[in-house]
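Input: a single structure, listed below in structure tokens.
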Amino acid sequence: MDTRGFVTCITIVAESIVETRLLEGLSASGARGWTITPARGSGPKHQGMSEIEGGSIRVEVLASASVADRIWQLLREDYFTNYSIAAWEYPVQVDRAERYCDPAPPR
Amino acid sequence: MDTRGFVTCITIVAESIVETRLLEGLSASGARGWTITPARGSGPKHQGMSEIEGGSIRVEVLASASVADRIWQLLREDYFTNYSIAAWEYPVQVDRAERYCDPAPPR
Amino acid sequence: MDTRGFVTCITIVAESIVETRLLEGLSASGARGWTITPARGSGPKHQGMSEIEGGSIRVEVLASASVADRIWQLLREDYFTNYSIAAWEYPVQVDRAERYCDPAPPR
Amino acid sequence: MSWDLVATNIASVPVLAFLLGVLAAGLKADLRLPDAVYQATSMYLLLAIGLKGGVALRESSLTEVAGPVAATLVLGVIVPVLAFVILRVLTRLGPVDRGALAAHYGSTSLVTFTAALVFLEASNISYEGYVATLLTILEIPGILVGLLLAGRAMSGGNKRGWSEALREVLLGRSVLLLAGGLVIGYLAGPNGYASVEPFFGGLFTGVLALFLLEMGVLAGRRLGALREAGWGLPVFAIAFPILAGTLGIIGGLVAGMSTGGAMVLGVLTASASYIAAPAAVRLALPEANPGISLTASLGITFPFNLVIGIPLYLLIAEWLAGIL
Amino acid sequence: MSWDLVATNIASVPVLAFLLGVLAAGLKADLRLPDAVYQATSMYLLLAIGLKGGVALRESSLTEVAGPVAATLVLGVIVPVLAFVILRVLTRLGPVDRGALAAHYGSTSLVTFTAALVFLEASNISYEGYVATLLTILEIPGILVGLLLAGRAMSGGNKRGWSEALREVLLGRSVLLLAGGLVIGYLAGPNGYASVEPFFGGLFTGVLALFLLEMGVLAGRRLGALREAGWGLPVFAIAFPILAGTLGIIGGLVAGMSTGGAMVLGVLTASASYIAAPAAVRLALPEANPGISLTASLGITFPFNLVIGIPLYLLIAEWLAGIL
Amino acid sequence: MSWDLVATNIASVPVLAFLLGVLAAGLKADLRLPDAVYQATSMYLLLAIGLKGGVALRESSLTEVAGPVAATLVLGVIVPVLAFVILRVLTRLGPVDRGALAAHYGSTSLVTFTAALVFLEASNISYEGYVATLLTILEIPGILVGLLLAGRAMSGGNKRGWSEALREVLLGRSVLLLAGGLVIGYLAGPNGYASVEPFFGGLFTGVLALFLLEMGVLAGRRLGALREAGWGLPVFAIAFPILAGTLGIIGGLVAGMSTGGAMVLGVLTASASYIAAPAAVRLALPEANPGISLTASLGITFPFNLVIGIPLYLLIAEWLAGIL
Ligand SMILES: Nc1ncnc2c1ncn2[C@@H]1O[C@H](COP(=O)(O)O)[C@@H](O)[C@H]1O
Ligand SMILES: Nc1ncnc2c1ncn2[C@@H]1O[C@H](COP(=O)(O)O)[C@@H](O)[C@H]1O
Ligand SMILES: Nc1ncnc2c1ncn2[C@@H]1O[C@H](COP(=O)(O)O)[C@@H](O)[C@H]1O
Ligand code: NA
Ligand code: NA
Ligand code: NA
């Protein structure tokens, strides 16, 4: 069974303090999974908070294009203004595409 | 000498217990290198094993398209059914492309 | 305000000993930020140094195409010959594109 | 049963730290040790147990040790077979999952063993110095027997996974550090040990307390997954340790061990592995659901043994020592 | 003021390790502990303080403790309000940033408290065993009052952030480990504590020294960010602790504490949080600039208290104890 | 040579732990400490050595220390030059790789030094308290001389790499923690040290054992890479330490040190750096193959010194002390 297909991969780098809130938001936006790696970094707005509270996290989410749009919406509304965030997306090819895109209704 | 070229980047997120076996499989599929970062995550099938045995690993492999296909084959045959795995691929541009794609015969 | 746009994401895997020097080089090439994750790996030239000096780092830089070219230049001139390095680039879509590409003159 | 013993056991700092961890897990609060520290702490405990046991081993004669070693090997085969059979009665699990559980219960838990020693020392009850040897021995056969039981049921069989699992058990941290520690302690002797005693001996109970805090969080999270299981599994996870523990105590007494020593052997057979076994099972039996074994061994049996089992096995040992 | 006391304080290994860290930060050298070890060390300190305090609490009667607890609660409200008001005079900061600072200064610093105990013990000055209870109590109200003060100023209000911040404060590591340690120490008592004393007691000052090395690096880096601030903030970060510390000392003496105990309460009110408060503030007041609060609390107040404040508050306490 | 001394040395827990690590590497088993714990442990050892040395330094007069310091500086120049020249005879390596090796052998190994102190203490042989000062001093010049020797051979020269390497050596962890510890110990004195002694003193040998377990794994892996090298390198890696160690012992005796002290200086000159030097060399001499230096210093010289060298240098020192 070849179930190859394209999905969107969004990578989000955020202060680790917002982890719980962000993951709930991803889930509510319809994401069915994510992968987190520890990170640190520097950016144009860096506020030096992360150095004390356990650095940053780098979250990768594979999702359908519409879920990805909802995630961008979430970031714009709740995160970009006040938190140190970087995010980017690109298309990737996967196997078992239904795992990432099941039409599970957004919770 | 400009040796730019395109290769495939496959990212594999797996339970860390399978690391040794997976890396041997990558090597046997013809991969000439990989980069591993520590990871944790959540997915549709998550079985909560990783929390005890040192989390997950996130493996990136740059390889030629044919090696990439062999790696997908490997994942389908040996991993997707029984292990917690996510994997995706996308094309990337590199310098010194021969480093990643040398026609070294698969071991 | 929709400021979506495309930028280049370069990923560089390097021995952690060169971190300070590399980040200064990125900055001098015009990069306005980066994200670092801890890494380890294997490659065709692996020299076994990293195992003692704290492994490798995996650096992601979002930047404009011209800054990306300057970074490739830097890698070719100062790193490829003598250090263990892998690097690749691909285009990604971002929000607030000006954050990553401001025409800040290279320092 | 004497609630005094239970109370004494519960009022120890390590057990209270464990309960704090369980509470934190219930509150979804983050009290876990960083992973690197958790790994290092478990290496410390393994090496410390091994070293101390090795020093003690010098004082034991071969004849003295032979009986208990033989008893341990026999128990290492009987206990997983019993678990495999009893699970068929109590649950609807297939042979693969029952084999996985048998591997966990056939092997043993370092931390439960350690807590038992701390308990005996606090109660001024003596035990044979070579018990750490029995711990090391019991690590292995139970896992192999469990895998074999499950393997009979499997069609093709995954040769690769089996050899990896064997490697994982024989050359995993648990066995290497315990066995290595035993040899080092034996060779270094009391004089050599004296110089590292403040580290490996003096700190031991305190480090155990910190480790149990973490184990409490892990156990508490597993406990949360319990609702999904039926009745059979929890019943097994409490009743089987009592049965296996009693067998262990009998084995120890028959092999000529003291009451304290037989109780420790009972703790070894009663406790279930949640480190070595899960890794080996995951490699050799990927079809088994790791959640089932971990919920039983880490979520139920481990807290039960730690809080109630340890004093209970002492009572059983004292009672049986009077009879036999 | 007696420079002898300052000299004694500075010549202690923990304070010197702190200064080494500050120096290393100035040289841009990397002396930070790995993050995992930093986390584990702070868990150790919290638990150790809690345990010791819990054992001591058994020896205190409820009537003895009631007064100081009440004083601490009152101070937990007064101090942040004072900070909020005084900052309006000294700086041009808006209400959100002032509320954030008030939350930091209303709460307290574990490490400063700990260094004060080490200082008192080195000087053979006694203090009440239940001071760790006061530390635990003071962690919380100051943060909440600070958040409320800032919140009044905010338009919409971020319900989500508030409940998260509350959770972060109440169920964060600091409170859980301190309160958990207190309960464990209380239940285990001197006998139970004895077995873990080599770890939680004996190593305490040494571990504190290692931790202060790291804190020195963090403080030193913050100090570097100072140039960007105006004059008001540094003045506040030194003058306010003296004021709040004096209030704390008065509160302690009025509540019937000994000179040493009142000095410790003074250290608690004088010190500013740089762990629990920043996290809560970041969740509830994301508009606040975290750099401002951290520069003040970690870059100025913390080193000031550690080096000069601790002996100063003892002098003030001795002086006020003579008057009151 | 007296095999008794070798046996005593080998039968110590730290050396046995090292051998366990080598064995584990041979079995490809994973006994490495997590990276964060490895880093923290090495920081602990550096600081502990510094502190103890600083306290001891108070008891030494300047005149007493001046001679050995001068001898150490001279040895810091002679040893790498000798290594550079001898390598031309023994191997076909180019000047860059020979300079890299000279930098490693000109500098010194903290852990070998530490194991020597533990050995002397177990053998009740006294040594001068200021030897930690000599360790700190010898860290630096050897590396610089080695880099200079290689640099002469290089065409353009990498200014950037040189200044980074200099920074890495002067402001690296090794020098800062050793020197910082010396100053802290000196200022705090015996009284200040007493409060941190259970941590920095009592645990020392035990922590060293854990660290050597890890070093054993690292050395064992390097040993595996040996097959690729020719004969010259292994011969150098064993013969040169004996030569350099003898020079160091002579230097120490001539400078008026005791037998034990001269032996320690011999251990310093005999041992090769595998932490500070590799980092500096990698930055300043990227053309050098890091595998060569590490295989020699970590894979051969380190185990040789640890197991055989330490008792050997004591014998040489006793013999030369009788002659000179
Ligand atoms: N140009 C960039 N490339 C890669 N990562 C970035 C970039 N800019 C920012 N980041 C990441 O996003 C985080 C937040 O950036 P900022 O909001 O500017 O503080 C930084 O700590 C980096 O990890
Ligand atoms: N949609 C997703 N996006 C990113 N990572 C995922 C996703 N789904 C699964 N993963 C990763 O793959 C691992 C295994 O997923 P699973 O097989 O569903 O347990 C998870 O722990 C995640 O790290
Ligand atoms: N084909 C590859 N795919 C992914 N990462 C690689 C690959 N080749 C090399 N690397 C990474 O680059 C580092 C340096 O490689 P090398 O220069 O060959 O020693 C390795 O340690 C890997 O982390
Ligand atoms: Na068992
Ligand atoms: Na305060
Ligand atoms: Na040397």
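Tabulated data for the structure shown
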read-out	value
Cα-based shape type of the protein assembly as shown, given that a ≥ b ≥ c are square roots of the gyration tensor eigenvalues and the cut on a/c is 1.5	rounded
Dipole in debye (nearest 20) - chain D, about Cα centre, beta carbon charges: Lys, Arg +1; Asp, Glu -1	900
Given charges at Cβ of Lys, Arg, Asp, Glu: segment E:26-138 dipole, positive-most of E:123, E:44, E:91	E:91
Segment F:119-238 shape via C-alpha gyration tensor axes, a/c threshold 1.5	oblate
Partners for residue F:52 among aspartates and glutamates (Cα-Cα distance below 15 Å; same-chain residues under 8 apart left out)	F:121, F:128, F:197
Accessible solvent surface per residue of segment B:5-93, calculated while the other protein chains remain in place, 1.4 angstrom probe, Å²	31
Other protein chain Cβ atoms within 10 Å, averaged over every residue that makes up E:14-20	6
Relative contact order for segment B:5-93, counting Cα pairs under 8 Å that sit 6 or more residues apart, in percent	54
Inter-copy label distances at residue F:324 (7 Å, Cα→Cβ; nm, one decimal)	6.6, 6.6
Kyte-Doolittle mean at least 0.0, axial Cα span of 24 Å or more - DSSP H helices of chain D	D:35-57, D:62-90, D:173-197, D:204-224, D:232-254
Residues in segment D:290-316 occluded by at least 20 Å² - accessible area, probe radius 1.4 Å, against chain by itself	D:290, D:294
F:52, F:28, ranked by accessible area, largest first (probe 1.4 Å)	F:28, F:52
Given charges at Cβ of Lys, Arg, Asp, Glu: the protein assembly as shown dipole, positive-most of A:84, F:162, F:138	A:84
By accessible area with a 1.4 Å probe, ligands and nucleic acids excluded, highest first: order of B:18, D:74	D:74, B:18
With every protein chain in place, segment E:34-106: carbon and sulfur % of accessible area (1.4 Å)	67
Inter-chain Cβ neighbour average for residues F:186-195, partner chain, 10 Å	5
Assigned charges on the beta-carbon of Lys, Arg, Asp, Glu; segment E:1-95 dipole about Cα centre (debye)	320
Copies compared at residue C:28 - label distances in nm, ascending, label defined 7 Å from Cα in the Cβ direction	4.7, 4.7
Accessible area expressed per residue, segment F:217-324, with surrounding protein chains retained (probe 1.4 Å, Å²)	29
Accessible-area order (highest first, 1.4 angstrom probe) of the listed residues C:6, D:302	C:6, D:302
Of C:38, C:61, C:75, farthest towards positive along the dipole that unit charges on Lys, Arg, Asp, Glu beta carbons give segment C:5-93	C:61
Helix-derived mean residue ellipticity, 222 nm - over the protein assembly as shown, DSSP H n ≥ 4, -39500 (n - 2.57), to 500	-20500 deg cm²/dmol
Axis-nearest residue in chain E [Cβ, rotation onto F], distance in whole Å	E:36, 2
GluC sites (Glu not before Pro) restricted to segment E:48-147 and DSSP loop, no more than 13 other C-beta within 10 Å	E:59
Size of charge dipole - the protein assembly as shown - debye, nearest 20, with Cβ of Lys, Arg +1 and Asp, Glu -1, no other charges	1760
Cα centroid of segment A:22-42 to Cα centroid of segment F:262-283, whole Å	46
Partner chain coverage, peptide F:42-49 - average Cβ within 10 angstrom	3
Segment E:1-82, accessible area per residue, ligands and nucleic acids excluded (1.4 Å, Å²)	40
At 7 Å out from Cα toward Cβ: residue F:239 inter-copy label distances (nm, ascending)	7.5, 7.5
Cα gyration tensor category, rounded, prolate or oblate, for segment F:44-100 with a/c compared to 1.5	oblate
Solvent-accessible area buried by F and D, counting both chains, probe 1.4 angstrom, square angstrom	2000
Closest-to-axis residue of chain C (Cβ criterion, axis taking C to A), whole Å	C:37, 3
Residues losing 40 Å² or more accessible surface upon assembly, segment A:10-35, compared with the chain by itself, 1.4 Å	A:17, A:21, A:32, A:34, A:35
Residue E:85 accessible area, assembled protein chains, probe 1.4 Å, Å²	80
Centroid-to-centroid separation of segment E:115-191 and segment D:90-149 [C-alpha atoms, Å]	40
Relative contact order %, chain D, counting alpha carbon pairs below 8 Å whose residues are six or more apart	33
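The values are calculated or read from the model by the stated rules, or taken from the named source; none is laboratory data. Since the structure is predicted, the reported quantities are computational estimates derived from the model, not experimental observations. Neighbour counts run over all protein chains shown; Cβ positions are idealised from the backbone, glycine included. Heads up: the accessible areas ignore ligands, DNA and RNA and are worked out on the full protein's heavy atoms, side chains in. Shrake-Rupley method; radii C 1.70, N 1.55, O 1.52, S 1.80 Å.
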